[in-house]
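For reference, the structure is listed below as structure tokens.
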Amino acid sequence: MDFKIAIIPGDGIGVDVVSEGVKVLERIGEVYGHNFKYEHMLVGGCCIDKHGTPIMDESIEKCKSCDAILFGAVGGPKWDALPREQRPERGLARLRREFNLFANLRPAKIYEDLKDKSPLKNSIIEKGIDIMLIRDLTGGIYFNEKGRREGKYGLEAYDVECYSVMEVTRVAKKAFELALQRKKRVISVDKSNALESSKIWRDTVTEVAKEYPEVELKHMLVDKAAMELACNPSIFDVILTTSIFGDILSDEAGVTTGSVGMLASASLNENNFGLYEPIHGTAPDIAGKGIANPLATIVSVAMMLEIALNLPKEAAAIDRAIKQVLSEGYRTPDIYTEGTKKVTTIEMGTLTAAKIS
């Protein structure tokens with residue numbers, strides 16, 4: 001089959017790791033008979049340096065002709081002094097807005113050979129950690145009314161947490177549909193004992209659940225969820241939550257895996273078109289040094305194959321390859337321990353690609 005992928009390395013280590021993701025994608029094409037074509041483009045600080053803007057209009061148009069977007073990371077101290085609307089992150093924000101990428105998927109899975117890197121006790125890890133957190137990405141407190149004003153005690157600031165039934169419904173449907181492919185369990189996280197926005201969230205999710213009778217739905221308050229993620233993460237399969245709660249809980253869930261260099265993500269719209277990226281940021285202090293971990297990007301490629309391109313067999317092949325490389329003791333510095341084999345970014349990508357069969 002033929003596919004076209006938008007390749008956007010961005011800044012910092014995004015350039016280092018995305019090239020390894022493409023290497024793995026090329027290997028998938030060789031083994032499984034697919035032809036991947038690429039649209040390469042600049043977004044972020046690199047685009048500011050060359051074109052004076054974080055993203056070009058023509059890049060948006062190119063993405064419209066693609067089946068998915070593979071993204072690295074944007075930003076860095078070099079551009080921090082720029083006005084907010086001109087900073088590298090606005091390029092990513094525009095991609096999300098232009099393609100209505102409202103559902104953010106953040107998997108947190110611990111690999112058997114990386115258990116020693118997790119901060120959790122063995123007794124907790126042994127129960128298993130394989131979580132998919134789905135959060136709203138375009139609504140809630142980050143994207144609603146905000147400002148400053150004179151209040152009772154002088155100058156004050158405010159941010160409004162607001163959700164419509166439509167916004168909750170569409171992201172909830174994504175969560176239930178994904179749960180059907182997993183263990184058919186959804187835990188919806190809110191703060192309905194204190195927030196009106198969480199009450200409508202809970203009510204709406206409950207209504208959506210009626211369309212998916214095969215899926216078990218439970219509700220959990222966010223403080224309880226945070227505690228359970230630290231003490232009993234095996235109870236979670238699919239977590240559904242708001243933008244701000246998901247922002248926090250996904251990082252908590254992710255750290256249980258032992259390294260941010262292992263964490264992938266996807267941002268999807270209603271048609272499952274999406275952007276796939278590692279969550280580790282640009283890490284400019286190690287960019288170009290060959291020590292960044294490309295596995296988060298490679299896991300993102302696997303997510304892209306399964307979700308965007310409907311190639312679950314190929315996605316599973318990448319997962320097997322990662323497990324094999326780790327079981328053979330190969331490690332980038334972030335996951336290295338004494339007795340394992342330290343490798344570079346390129347070597348890790350090459351080794352993983354070679355294991356795909």
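The values are calculated or read from the model by the stated rules, or taken from the named source; none is laboratory data. From a predicted model like this one, the values you see are computed outputs, not experimental measurements. Because the Cβ atoms are built from the backbone with ideal geometry, glycine has one as well, and the counts that use them run over all protein chains shown.
Computed values, structure above
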| item | result |
| --- | --- |
| Residues (charged (D, E, K, R) and either assigned by TED's automatic domain parsing to the domain that holds Thr332 or over 13 Å from the mean Cα position of the chain (by Cα) (or both)) located in the range 275-297 | Asp285, Lys289 |
| Tally of residues being among the aromatic types (Phe, Trp, Tyr), outside any helix (DSSP H, G or I) and in contact (Cβ under 8 Å) with a residue 40 or more places away in the chain across the range 158-205 | 1 |
| Residue count, the range 222-246 (criterion: of a type outside the set (Val, Ile, Thr) and in contact with a strand residue (DSSP E or B) (Cβ under 7 Å, 6 or more places away or on another chain)) | 8 |
| Residue that is farthest from Ser267 (Cα to Cα) [pool: residues in the range 136-153 that are of a type in the set (Ser, Thr, Tyr) and surrounded by 11 or more Cβ atoms within 10 Å (Cβ to Cβ)] | Tyr142 |
| Strands (runs of 3 or more DSSP E) completely within the range 1-100 that count 1 or more residues being loosely packed, with under 15 Cβ neighbours inside 10 Å | 2-10, 35-40 |
| Single match in Ser123, Ser188 (criterion: exposed (fewer than 14 other Cβ atoms within 10 Å of the Cβ) and either closer than 30 Å to Ala321 by Cβ or within 23 Å of the chain's Cα centre (by Cα) (or both)) | Ser123 |
| Residue in the range 13-31 that is under 24 Å from Asn271 (Cβ atoms), of a type in the set (D, E, K, R) and at pLDDT 95 or above present | no |
| Elements of type helices (runs of 4 or more DSSP H) contained in the range 241-357, each with 2 or more residues being β-branched (Val, Ile, Thr) and either without any contact (Cβ under 8 Å) to a residue 40 or more places away in the chain or closer than 30 Å to Val186 by Cα (or both) | 243-255, 295-307, 312-327 |
